[in-house]
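Novice: Could you have a look at this structure, given as structure tokens, before my questions?
What follows is calculated from the coordinates using simple rules that are stated; it is not laboratory data. These numbers come from a predicted model, not from an experiment. For neighbour counting, all protein chains shown are included, and Cβ atoms are generated from backbone atoms with ideal geometry for every residue, glycine included.
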Amino acid sequence: MITIVGNLKGGSGKSTVTFNLAVWLATRGRPVVVFDLDPQRTLSDVAEVRHEEAFSPGFPVVHGGTDLAERLQAAEGEVLVDVGSADMASMRTALGLAQRVVIPVPPSQADIWSTQRFLGIIDEAVVSARPQVVAFVNRADTHIAIRESDEAEEALRALSGVEVIDLRLYQRTAYRRSFSEGLGVFELEPNSKAAAEFEAFASMLYP
């Protein structure tokens, strides 16, 4: 299955989500290939750190090019694609071939607007069947008195053409620490809240 993790606005956490999903799949013995189509190459950088530190298992990371469509279709196993708005041509190519699009949405009005525009781009890129499109609140507030995450989820549910996941990933230091070290959050702190929430999230996407 080709799964795209993306949004138009930077800072949504898509590279962190993609990396953790790739590691989660690999640690369960499932073959996974990651396409890093964001010119910032953040995902490639963290995968390189993981390789240099000899953490196992690893996974291949490939980039775009004129033959992107052919390589996406030829990739075996679970395919994860990190897309960025700085390369719209590659984004549209990947969207046209995807079976699923996962949209991380931080709790802000700007991110809701960005998600709405992204949904329009998905519809424009459809070649045959429209992919499954799911969104979730990422980097959610951890303090129960702050309402922005609830409001963002309500706004997402008001958008058409997207299924909102009933799980959130929260703004936790463990994600930043593990990412900088080339580890999945569940590898660095296996008994943490971050590990438990990501396990639930990944299991929902890949039952």
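Novice: Would you please give the residues with an amide H less than 5 Å from that of A140, counting only those at least 5 places away or on a separate chain, with H modeled from the backbone geometry?
Specialist: For A140, whose amide H was placed from the backbone, the distant partners under 5 Å are L169, Y170, Q171.
Novice: Run the quick spin-label model on I121 and T173: label points 7 Å from Cα toward the beta carbon, then report their separation in nm to one decimal.
Specialist: A separation of 3.4 nm, rounded to one decimal place.
Novice: Something else: Mind checking the stretch 121-164 for trypsin sites (Lys or Arg not before Pro) that DSSP puts in a loop (not H, G, I, E or B) and that have at most 12 other Cβ atoms within 10 Å?
Specialist: Here the sparse-neighbourhood loop sites are R147.
Novice: Right, something else. What's the center-to-center distance, using Cα atoms, between the stretch 179-205 and the stretch 77-153 in Å?
Specialist: Each part reduced to its Cα centre gives a spacing of 20 Å.
Novice: To the nearest 20 debye, what is the magnitude of the charge dipole of the chain about its Cα centre, counting +1 on the Cβ of each Lys and Arg and -1 on the Cβ of each Asp and Glu?
Specialist: 140
Novice: Mind checking the full-extension length gain between A110 and Y206? Use 0.36 nm per residue of separation minus the Cα-Cα distance, one decimal, nm.
Specialist: 31.6 nm
Novice: Where does the chain land at 222 nm, in deg cm²/dmol rounded to the nearest 500, when only DSSP H runs of n ≥ 4 count, each adding -39500 (n - 2.57), divided by all residues?
Specialist: Here the helix-only value at 222 nm equals -13500 deg cm²/dmol.
Novice: Still on this structure, please answer the following. In terms of modelled amide H atoms, which long-range or inter-chain residues lie less than 5 Å from the amide H of V62?
Specialist: Placed amide hydrogens put V34, F35, D36 under 5 Å from V62.
Novice: Contact order normalised by length for the stretch 1-66, with contacts defined as Cα pairs under 8 Å and 6 or more residues apart; what percent is it?
Specialist: 33
Novice: Using DSSP to call loops (not H, G, I, E or B), can you name the GluC sites (Glu not before Pro) in the stretch 7-80 whose Cβ has at most 12 other Cβ atoms within 10 angstrom? Walk me through the numbers on the way to the answer.
Specialist: Working: sites: E48, E52, E53, E70, E76, E78; in loops: E53, E76.
Hits after loop and neighbour filter: E53, E76.
Novice: Once the other residues with Cβ under 12 Å from the Cβ of S56 are scored (Lys, Arg +1; Asp, Glu -1), what is the net sum?
Specialist: Working: positive: R50; negative: E53, E187.
That works out to -1.
Novice: Quick one: Cα convex hull volume of the stretch 19-152, Å³ per residue?
Specialist: That works out to 132 Å³ per residue.
Novice: For the stretch 85-207, compute Rg over Rh where Rg is the Cα radius of gyration and Rh is the Kirkwood radius from the inverse mean 1/r over Cα pairs. Please list the in-between numbers first.
Specialist: Numbers: Rg = 15.5 Å, Rh = 15.7 Å.
When Rh is taken as the Kirkwood radius, the ratio is 0.99.
Novice: The stretch 1-103: which trypsin sites (Lys or Arg not before Pro) are DSSP loop and have at most 15 other beta-carbon atoms within 10 angstrom? Walk me through the numbers on the way to the answer.
Specialist: On the way: sites: K9, K14, R28, R41, R50, R71, R92, R100; in loops: K9, R28, R41.
In loop regions of the stretch 1-103 (DSSP not H, G, I, E or B), the sparsely surrounded trypsin sites (Lys or Arg not before Pro) are R28.
Novice: OK, next. Mind giving me the nanometre distance, one decimal, between the label points for K193 and E163, set 7 Å out from Cα along Cα→Cβ?
Specialist: 2.8
Novice: Relative contact order (percent) for the stretch 2-205, with alpha-carbon contacts under 8 angstrom and 6 or more residues of separation?
Specialist: Values: 375 pairs, mean separation 49.1, N = 204.
Averaging sequence separation for qualifying contacts and normalising by length gives 24 percent for the stretch 2-205.
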